[in-house]
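Read through the structure below, which is laid out as structure tokens, and then see the notes.
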Amino acid sequence: MEALDRVVKPKTKRAKRFLEKREPKLKENTKNAMLIKGGNANLTVTEVLKDIYAVKKPFAVLYKKKNITRPFEDQTSLEFFSKKSDCSLFLFGSHNKKRPNNLIIGRMFDYHVLDMIELGIEKFVSLKDVKNSKCPEGTKPMLIFAGDMFDVNEEYRRLKSLLIDFFRGPSVPNIRLAGLEYVLHFTAVDGKIYMRSYKVLLKKSGCKIPRIELEEMGPSLDLVMRRTHLASDDLYKLSLKQPKALKPKKKKNISHDVFGTTYGRIHMQKQDLSKLQTRKMKGLKKRPAEKSAEDGGVSPKKSKSAS
């Protein structure tokens, strides 16, 4: 039995809190990512990993030492690091003659590799090369995907899901306008994926809504897809399963339209509108002839009383 697989009983309160954080929860923690250098990573791959780590902080772990492993052939080392650092996302960088400037992005399910996609770096502009102001650490990015391939091709569709998982950051209940200051744009065209980073500038517009400008911030990458290792449909469906406690209870006779408006249906007995009491007006008052016609005959004359 491996050291990480055995049942560990905490001896201190600190160890108990640490183990409680790793226990399964209804609402899971923010996904952490581990960034690993291969045994033959060059300067370009190292700089890419550093820049992605700067974008992903504080929900990332950067391994500075080189690790001789091949994820597509042996995944045990990745699963070991995933358990050790409690990371469900990973980015592995390597370089060789057959696959130069190589990145492997993937995610885990139950500490086993679920999806894994290999990307080749064709062009790279670092954060240092762009001399503009940067966003503060931990800023939640806005993700934009352009290109039909992200909706048509299954591999690109899975890559889109993987990139959303990797860069989405923590879930927030409210959004502040000034907090929308970082954009990650992914474009898929002609068999390539272009990743661009922008800082959002809110300028004066003379009205309540500010004028938006985008300023390139870095890093920017031109990528090409290489090998893929995708989970089967059954396993992928299992990884998306949610506990019953999180599923909202269905309320009867309530529906929503595409704009989020709530509609409620009320069940009532059939109403007799002829007996509905309306407002009394002189104009709506019936004449004696109309009343007699409704009664079905001529109304009897009133007998005159002798005075």
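The values are calculated or read from the model by the stated rules, or taken from the named source; none is laboratory data. Given the structure is predicted, the values throughout are model-derived calculations rather than measurements. In this analysis, Cβ positions are derived from the backbone assuming ideal geometry, glycine residues included, and neighbour counts consider all displayed protein chains. Just the protein is used for accessible areas: all its heavy atoms, side chains included, with ligands, DNA and RNA removed. Shrake-Rupley method; radii C 1.70, N 1.55, O 1.52, S 1.80 Å.
Output yes when any residue across the range 22-36 is in a helix (DSSP H, G or I) and out of contact with any helix residue (DSSP H, G or I) (no Cβ under 6 Å at 6 or more places or on another chain), and no when none is. The answer is yes, given that some residue of the range 22-36 is in a helix (DSSP H, G or I) and out of contact with any helix residue (DSSP H, G or I) (no Cβ under 6 Å at 6 or more places or on another chain). In the range 204-228, the qualifying residues are those that are small (Gly, Ala, Ser) and assigned to a loop (DSSP other than H, G, I, E, B), and the one that is most open to solvent (accessible area, probe 1.4 Å) is Gly206.
Has the range 163-171 got any residue that is more than 25 Å from Val224 (Cα to Cα) and in contact with a strand residue (DSSP E or B) (Cβ under 9 Å, 6 or more places away or on another chain)? No - not one qualifying residue is present in the range 163-171. Here Ile121, Ile175, Ile193, Ile117 are screened, and the one residue that is outside any helix (DSSP H, G or I) and open to solvent by 60 Å² or more (accessible area, probe 1.4 Å) is Ile175.
Glu137 falls short on exactly one of the conditions (1) surrounded by 16 or more Cβ atoms within 10 Å (Cβ to Cβ); (2) touching a residue at least 60 places away in the same chain (Cβ under 8 Å), and that condition is (1).
Residues checked against (1) modelled with pLDDT of 90 or more; (2) farther than 24 Å from Phe59 by Cβ:
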{"site": "Leu89", "(1), (2)": "yes, no"}
{"site": "Asn101", "(1), (2)": "yes, yes"}
{"site": "Ile105", "(1), (2)": "yes, no"}
{"site": "Met108", "(1), (2)": "no, no"}
{"site": "Ile121", "(1), (2)": "yes, no"}
{"site": "Phe145", "(1), (2)": "yes, no"}
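Within the set Leu127, Leu49, the sole residue that is in contact with a Pro (Cβ under 6 Å, 6 or more places away or on another chain) and under 26 Å from Tyr198 (Cβ atoms) turns out to be Leu127.
The condition of being of a type in the set (S, T, N, Q) and part of a helix (DSSP H, G or I) holds for Ser161. Check whether at least one residue in the range 10-22 is modelled with pLDDT of 85 or more and surrounded by 13 or more Cβ atoms within 10 Å (Cβ to Cβ), and report yes or no. No; the residues of the range 10-22 include none that is modelled with pLDDT of 85 or more and surrounded by 13 or more Cβ atoms within 10 Å (Cβ to Cβ).
Residue-by-condition table, conditions (1) of a type outside the set (Lys, Arg); (2) open to solvent by 100 Å² or more (accessible area, probe 1.4 Å); (3) modelled with pLDDT of 75 or more; (4) within 30 Å of Phe109 (Cβ to Cβ):
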position	(1), (2), (3), (4)
Leu230	yes, no, yes, yes
Leu235	yes, no, yes, yes
Lys241	no, yes, yes, yes
Ala245	yes, no, no, yes
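Residues that are open to solvent by 50 Å² or more (accessible area, probe 1.4 Å) and not in a strand (DSSP E or B) within the range 45-68 comprise Lys50, Tyr53, Lys57, Pro58, Phe59, Ile68, listed in sequence order.
Filtering Lys66, Lys31 for residues that are at pLDDT 85 or above, out of contact with any Phe, Trp or Tyr (no Cβ under 9 Å at 6 or more places or on another chain) and within 30 Å of Glu122 (Cα to Cα) leaves a single hit, Lys66. Of all residues in the range 170-208, exactly one satisfies the criterion of being in contact (Cβ under 8 Å) with a residue 60 or more places away in the chain and touching a Gly at 6+ places or on another chain (Cβ under 8 Å), namely Ser197. In the range 247-271, of all residues being surrounded by fewer than 10 Cβ atoms within 10 Å (Cβ to Cβ) and among the aliphatic types (A, V, I, L, M), the one that is nearest to the chain's Cα centre (by Cα) corresponds to Val258.
The listed residues are Leu180, Leu201, Leu230, and the only one of them that is of a type in the set (A, V, I, L, M) and touching a helix residue (DSSP H, G or I) at 6+ places or on another chain (Cβ under 7 Å) turns out to be Leu230. Residues considered: Val183, Val189. Of these, the only one that is more than 20 Å from the chain's Cα centre (by Cα) and over 15 Å from Met34 (Cα atoms) is Val189. For the range 204-232, the set of residues classified as touching an Asp or Glu at 6+ places or on another chain (Cβ under 6 Å) and of a type outside the set (Val, Ile, Thr) consists of Pro219, Asp222, Arg226, Arg227, Leu230, Ala231, listed by residue number.
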